[in-house]
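Asker: Have a look at this one before I ask anything.
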Amino acid sequence: MKVYITRHGTTEWNLQRRLQGWQDSDLTKEGIDRAIKLGERLDSIDFDIIYTSPQNRALETAKLIRGNKKTPIVTHDGLKELGFGVWESMELSIIEKEYPKEYYTYRNNPIDYIPIGGESYEDLFKRVNDFFEEIKTIDAENILVVSHGVTIKALIKIIKNLTLDEFSKLPVYTGTSLNVVEINEDKMKFIMEDDTSHIEFEFYDEITI
């Protein structure tokens, strides 16, 4: 089985440097174009199923990638972004100013991160791991997964069996970057990571989720 993992396209709040978490904002024209280009790139692959976060920015990205095909799209709560609680919709500059210690811990010391009305990393890892254990039981050759920045980092941690320190150093991949994981029984390995060869984009800090 091969699992193709991608992040949703660029959104309005990405450009405004606002944390999205469980909230949402619309895809930008760039985000829509990137998703369409990824769909064109993957057109020759017959996906058995597409799993996506139920959040609109991911669901719309999944639909754009699918294009005119009839591949079933299934939403899964395990693929939702990390819930940021009171930080959601706030600009990063304001979060860093009003919650400097908490934000530093969130970025650098996940074991000590205590959310303010949101999810802990432990919560995220559990639901992402449950999702992965679920799809490993499916009789399929190719699966597409559309999710979010921090959630994809959690998937990478699980697949590579990374430490929390290694997890914290992972980047947030740009919108619609492509990752491919090969699963053979209980063995999992990446055969492609953070590939953006299907898109042309301006370089800006896309740390927001």
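The values are calculated or read from the model by the stated rules, or taken from the named source; none is laboratory data. For clarity, every value in this text was computed on a predicted model and none was experimentally measured. Cβ placement follows ideal geometry from the backbone for every residue including glycine, while neighbour counts extend to all protein chains displayed.
Asker: Counting only residues that are surrounded by fewer than 14 Cβ atoms within 10 Å (Cβ to Cβ) and modelled with pLDDT of 95 or more, how many does segment 167-192 have? Lay out the reasoning, then the answer.
Answerer: Let us first name the residues in segment 167-192 that are surrounded by fewer than 14 Cβ atoms within 10 Å (Cβ to Cβ), namely 169, 171, 182, 184-187, 189, 191.
Okay, now just the ones that are also modelled with pLDDT of 95 or more, so 182, 191.
Qualifying residue count for the region: 2.
Asker: So is I111 surrounded by fewer than 16 Cβ atoms within 10 Å (Cβ to Cβ) and under 30 Å from I49 (Cα atoms) or not?
Answerer: On the way: surrounded by fewer than 16 Cβ atoms within 10 Å (Cβ to Cβ): yes; under 30 Å from I49 (Cα atoms): no.
It is false that I111 is surrounded by fewer than 16 Cβ atoms within 10 Å (Cβ to Cβ) and under 30 Å from I49 (Cα atoms).
Asker: Further question: Could you tell me whether any residue of segment 71-86 is over 16 Å from V146 (Cβ atoms) and not in a loop (DSSP other than H, G, I, E, B)?
Answerer: Checked against the condition, which is being over 16 Å from V146 (Cβ atoms) and not in a loop (DSSP other than H, G, I, E, B), segment 71-86 yields at least one hit.
Asker: Considering only segment 100-122, state which residues are under 16 Å from T163 (Cα atoms) and touching a residue at least 24 places away in the same chain (Cβ under 8 Å).
Answerer: R107, N108, N109, P110, I111, Y121
Asker: Report yes if I50 is in a helix (DSSP H, G or I) and touching a Leu at 6+ places or on another chain (Cβ under 6 Å), otherwise no.
Answerer: Numbers: in a helix (DSSP H, G or I): no; touching a Leu at 6+ places or on another chain (Cβ under 6 Å): yes.
Against the criterion (in a helix (DSSP H, G or I) and touching a Leu at 6+ places or on another chain (Cβ under 6 Å)), I50 does not qualify.
Asker: A further question on this structure: Report the residue count in segment 71-108 for those that are loosely packed, with under 13 Cβ neighbours inside 10 Å and among the polar types (S, T, N, Q).
Answerer: 2
Residue-wise test of (1) surrounded by fewer than 22 Cβ atoms within 10 Å (Cβ to Cβ); (2) in a loop (DSSP other than H, G, I, E, B).
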{"site": "G21", "(1), (2)": "no, yes"}
{"site": "R34", "(1), (2)": "no, no"}
{"site": "G39", "(1), (2)": "yes, no"}
{"site": "I45", "(1), (2)": "yes, yes"}
{"site": "A58", "(1), (2)": "no, no"}
{"site": "K69", "(1), (2)": "yes, yes"}
